[in-house]
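Asks: Pasting a structure here, questions to come.
Bear in mind these aren't lab numbers, they're just calculated from the coordinates by the rules spelled out. Because the structure is a prediction, the values reported are computed rather than measured. For neighbour counting, all protein chains shown are included, and Cβ atoms are generated from backbone atoms with ideal geometry for every residue, glycine included.
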Amino acid sequence: MTFEDQLSHLFPDAAAIPAEYNLPGEIHQRSYLSDGVMKNWHGDVHTVVSPICIKTPSGLERRVIGSYPLCGQEEAKASLDAAVRAYADGRGEWPTMSVAERIACVEKFTGKMIAKKQEVVQLIMWEIGKSYGDSVKEFDRTVEYIHATIDALKNLDRKSSSFAIEQGIIGQIRRSPLGVVLCMGPFNYPLNETFTTLIPALIMGNTLLFKPPKHGTLVHFPLLEAFRDCFPAGVVNTIYGRGNVIIQPLMESGKINVLTLIGSSKVADQLKKMHPKVNRLRAILGLDAKNAAIITEKADIDLAVKECVLGSLSFNGQRCTAIKIIYVHRSVADTFLEKLTDAVGKLKFGMPWEKDVFLTPLPEPQKPGYLQSCVADAVAHGAKVINPNGGAANASFVYPAIVYPVNEKMKLYREEQFGPVIPVVPFDDIETPVRYLIEADHGQQVAVFSNDAAELATLIDPLVNQVSRVNINCQCQRGPDIFPFTGRKDSAEATLSVFDALRAFSIRSLVATKQTEENKALINEIVSAQSSNFLSTKYIF
Ligand code: G3H
């Protein structure tokens, strides 16, 4: 079959969708979790269309997979009020509950979540077009993350279960919650990245307002009853609706204590400024990135190609950690480009359920047009699409384009394309890519390819002060989840990892007293009677 045939026959007839991967029917969500109950919704809804198109007599159409409530400010405010009530100025049942009891609630939730795996995985695949294999991985990684979070909190709590005595003062130091958290996740990891902030925020005793991402909303619907059944009323509340309508009043209320968002720096900036007392707002943000790969003369080109393909095209380049620009030394550029072209040409494209599929349709309706405009702009400024069929598109699918040579006049040089376009820049002097990173607005990660220890050493020291992770001879990535995930400049605020997230969503509080006989007796009495959850030597095994 020619490429053209493959591309034009990419999307199936409705009847050709394998039954085991098909949704049982459309999912029309008409309820949402707020204040401990699933509230019914009779107002406007947003129709959810899949990136997967279906052949119809009138041409290709994105398949409708369901709809969800488009609530307004009133409903969002009711959810905020519920979260504020549940926190009750830190005196609510959840923020004062013992760590062991909170862990038990999260474990119960995890069990119920696992029971919904198949439904959630199918929805990830249909809602954002992620391959079935990667959708399963996203679910499993999230469950592992929750287990790791529980273990990390147990460790933290064990370390806090004793008293420190210094300079005649007895103290017990623990981490306490911060208040009401507004949590918003991204479409590319709608479950995983939302939960890597939501779960630590929750388990540390905060109450939550949780807005699912625009694409990847239905993914969360099967889990809402589990949230309702496992946590006290008002601890987890969902908000649905247009972000630009419902979020502003929430921020302006001043009742949000923590903003956690994986999204754009522009939106994060706007939201923070809406808070009447920015000093009271903690922000935990994963933002824009334009990670570069630097391939030197001394690189193993085959390895560099393999990692750059994974780095720039996994989930069609829609990862914040994706390699979004490649600098290659001019002396090895031809070899690199030839091998890169060959490797990209071998990637299988198709429907997310197809075995070994790597490239799939894109969920954002504007994305194919945007990517084409980036490529056209690069061509107008002197670059070429060097791989056969690069940039060819059919509806929501865009075939990867390798664009060379890219320069500073092109949009692809600075903009985060977040899609299957690979800009490649030749360089003669290693100072060129280093300066690119220094001058960039972003500072998340870099991938350096070289087999020369001395060369690597001279690059590592300046680069660790530009970005937050220097990857040697491998692509950029977030994991393993125990590693710190953060960024400089417009790429992040605060640090996420299993352990760092527990710290980010809490603050250290301590109880202290002078070491007198009377005070020792009082502390002993409280500890023996187990009458305080904070002042306690209880040990979680
Ligand atoms: O979208 C950004 C994600 O945090 C990337 O995670 O590197 O594991 O794909 P990943």
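Asks: Just to confirm my numbers, what's the Cα centroid distance between region 459-508 and region 101-139 in Å?
Replies: 25
Asks: Which percent of Cα-Cα pairs in the chain sits in each 20 Å bin, short to long?
Replies: Calculated over all Cα pairs of the chain, the distribution is 21, 50, 26, 4, 0 percent.
Asks: Separate question: Roughly speaking, what is the stretch gain from Thr56 to His147, that is 0.36 nm per residue apart minus the C-alpha to C-alpha distance, in nm to one decimal?
Replies: 28.3 nm
Asks: What is the angle, in °, between the Cα long axis of helix 453-463 and the longest principal axis of the Cα atoms in the chain? Nearest 10 is fine, range 0 to 90.
Replies: Helix 453-463 sits at roughly 60 degrees to that axis.
Asks: Which percent, nearest 5, of DSSP beta bridges in region 26-286 are antiparallel?
Replies: Around 45 percent antiparallel, to the nearest 5.
Asks: So if the hydrodynamic radius of region 33-144 is defined as the Kirkwood radius over C-alpha pairs, what does Stokes-Einstein give as its diffusion coefficient at 20 °C and 1.002 mPa s, in µm² per second?
Replies: 123
Asks: Taking H as built 1.01 Å from N, whose amide H comes closer than 5 Å to the amide H of Phe485, not counting residues under 5 places away?
Replies: Leu496, Ser497
Asks: Another question about this same structure. For the chain, find the longest principal axis of its Cα atoms and tell me its angle to the long axis of helix 73-87, 0 to 90°, nearest 10.
Replies: 40
Asks: While we're here: Sum -39500 (n - 2.57) across every DSSP H segment of at least 4 residues in the chain, then divide by the residue count to get the 222 nm mean residue ellipticity, nearest 500.
Replies: -12000 deg cm²/dmol
Asks: Here's a follow-up. If each residue's Cβ is checked for other Cβ atoms within 10 Å, how do Lys306, Lys355, Lys384 rank with the fewest at the top?
Replies: Starting with the residue having the fewest Cβ neighbours, the order is Lys355, Lys384, Lys306.
Asks: Quick one: which of 420-428, 483-491 comes out on top by average Cβ neighbours within 10 Å, and what's the full order, highest first?
Replies: Values: 420-428: 23.2, 483-491: 19.4.
Descending mean neighbour count gives 420-428, 483-491.
Asks: What list of ³J(HN,Hα) couplings, whole Hz, do you get for region 356-362 from phi and the Karplus terms 6.51, -1.76, 1.60, once you set θ to phi - 60° and write x for glycine and proline?
Replies: 6, 5, 10, 10, 9, x, 9
Asks: What fraction of the DSSP beta bridges in region 291-486 is antiparallel, stated in percent and rounded to the nearest 5?
Replies: Beta bridges within region 291-486, antiparallel portion: roughly 15 percent.
Asks: Compute the Rg to Rh ratio over region 293-406 from the alpha carbon atoms, using the Kirkwood formula for Rh, and round to two decimal places. Write out the running numbers ahead of the final one.
Replies: On the way: Rg = 14.0 Å, Rh = 14.7 Å.
That ratio equals 0.95.
Asks: Can you give the % of DSSP beta bridges in the chain that are antiparallel, to the nearest 5?
Replies: Looking only at bridges with both residues in the chain, the antiparallel portion is about 45 percent.
Asks: Let me ask something else. Could you pull the Cα extents of region 26-286 along its three principal axes, largest to smallest, in whole Å?
Replies: Sorted largest first, the three principal extents are 83, 39, 33 Å.
Asks: Among 440-451, 386-397, how do they line up by average Cβ neighbours within 10 Å per residue, starting with the highest?
Replies: Result, highest mean first: 440-451, 386-397.
Asks: Right, next: Between Asp44 and Ile114, what is the label-point separation in nm under the 7 Å Cα-to-beta-carbon projection?
Replies: Between Ile114 and Asp44, the label points sit 4.2 nm apart.
Asks: Quick one: angle between helix 99-115 and the longest Cα principal axis of the chain, in degrees between 0 and 90, rounded to 10, please.
Replies: 40
Asks: Between Val37 and Ser509, what is the label-to-label distance in nm when each label sits 7 Å out along the Cα-to-Cβ direction?
Replies: Going from the Val37 label point to the Ser509 one covers 3.1 nm.
Asks: Work out how far the C-alpha atoms of region 431-506 reach from end to end along every principal axis, then list the three figures in whole Å, largest first.
Replies: 41, 25, 17
Asks: Ok, one more. Sort 361-373, 170-182, 506-518 by the packing proxy (mean of other Cβ within 10 Å over each peptide's residues), most packed first.
Replies: Values: 361-373: 18.5, 170-182: 20.0, 506-518: 12.8.
Highest to lowest by the protection proxy: 170-182, 361-373, 506-518.
Asks: Per 0.36 nm of contour for each residue apart, how much would the distance between Tyr539 and Gln372 grow if the chain were fully extended, relative to their Cα-Cα spacing?
Replies: Gain on extension, Tyr539 to Gln372, equals 54.3 nm.
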